[in-house]
1. How high is the relative contact order of region 181-369, in percent, counting Cα pairs under 8 Å that sit 6 or more residues apart?
2. Go from 0 up to the bin containing the longest alpha carbon distance in region 150-259, width 5 Å each, and give me the % of pairs per bin.
3. Using each residue's phi in region 206-212, evaluate 6.51 cos²θ - 1.76 cosθ + 1.60 at θ = phi - 60° and report the 3J(HN,Hα) Karplus result to the nearest Hz, with x for Gly and Pro.
4. Can you sort W234, W46 by solvent-accessible area, 1.4 Å probe, largest first?
5. Just to confirm my numbers, what's the Cα centroid distance between region 203-217 and region 65-88 in Å?
6. Calculate the spin-label point distance for K245 paired with Y302, positioning each point 7 Å from the Cα along the beta-carbon direction, and give it in nanometres.
7. Given a cut-off of under 8 Å on Cα pairs at least six residues apart, what relative contact order in percent is computed for the chain?
8. Quickly rank 186-194, 97-105, 148-156 as a protection proxy: mean count of other C-beta atoms within 10 Å, highest first.
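The values are calculated or read from the model by the stated rules, or taken from the named source; none is laboratory data. This structure is a prediction, so every number in the text was calculated from the model and none was measured. So basically every Cβ, Gly included, is an ideal-geometry build from the backbone, and we count neighbours across all protein chains shown. Just so you know, the surface numbers come from the protein's heavy atoms only, side chains and all, with ligands and any DNA or RNA stripped out. Shrake-Rupley method; radii C 1.70, N 1.55, O 1.52, S 1.80 Å.
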Amino acid sequence: MKNDNKKGFYFKQYEAPNQSPFDKLFGIFKELITHTSGDFDEAIDWLRELDKEYKLTDEHYTIDDFIEDLKKKGYIRDELKDDGTSGIGITAKTERAIRQQALDQIFGNLKRSGNGNHKTKHSGNGDEHTGEFREFHFGDGLERISLTESLRNAQINNGVEDFMLTENDLVVEDTQYKSQMSTVLMIDISHSMILYGEDRITPAKKVAMALAELITTRYPKDTLDILVFGNDAWTIAIKDLPYLKVGPFHTNTVAGLQLAMDLLRRKRNTNKQIFMITDGKPSCVREKDGSYYMNSNGLDEYIVDKCYSQAQQARKLHIPITTFMIANDPYLQQFVNKFTEANQGKAFYTGLKGLGEMIFEDYETNRKKRIK
């Protein structure tokens, strides 16, 4: 008798997913538009160069056809540039597509929870059902009583013939709180983020877009503020992330931390946290008279002490700071270690690869806690 229940691995030649010419080019275009900080013309120039080298198109579908489809589908539009000349810019639809691609790239391979919300270990009068039951207690809402289980208890306890329902028969379905989190993501945009032949701003930008998309779609009750810091610190909108660039700036970590704490003070959520992505040492502070004190040579004790003071202030406000250090200089790691100790937060020393996964895992872990 023939046995068809064979167990083992079957190997076959790889078959690329069936994509339309537009979809294939659009995936590359979204990557390029991120690297060019939203510059459509530069992204298309790069796409044409890639086409020459890798034969991405043919006579049936050209780059010009792709541009026309982008217009028809609402991904680009005609606009006036800053110098008054006409040009082409991306639309909000493209910005959303870029964030979604960043989310898929960075978090797509990680295990997702079943219902998309993390629970705390505290049960009680929460807002999510656990599937478990407990005895009715004074103060429980009547709407939480499980009629089926309560009637079942009444039949068991009192019999069917002399049926009666007492308080001792009542059970309620237990619930858990869905902890809400307010997060500030700080991104270093000092000049060192593009020095030494390594583009560090694009991966940081992708992480920010992915985290923004994750929170707005999966945790809509959470809040996310994004700020950048160079000589000063300021907030940016999620929609402006694709256009983020570094500048000829020093690193004013103190200004970033001050702004982050100001933002979190206004939030009503109990759980608050700061994520900071940086590759360099603090090298700038703004004095009370508005002047700047700058020193890029080594670790300036005056600047560093102000950073430690901000870390301690955040600790008093019960705001943990998680630092993602994308540089591996030993003396900078010593600074981050002391900074982390002052805040009782966390620090991760990571290269650009795996940065997104690390931030995702830490975000998920922190949501499971209730920070007192």
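1. 22 percent
2. The distribution over region 150-259 is 2, 10, 15, 14, 11, 7, 5, 4, 4, 4, 4, 5, 5, 5, 3, 2, 1, 0, given as percents.
3. Here the 3J(HN,Hα) series is 4, 4, 4, 5, 5, 5, 4 Hz.
4. The ranking, largest first, comes out as W46, W234.
5. Value for the Cα centre distance between the two parts: 25 Å.
6. Roughly 3.2 nm, to one decimal.
7. After rounding, I find 15 percent.
8. Packing order, densest peptide first, comes out as 186-194, 97-105, 148-156.
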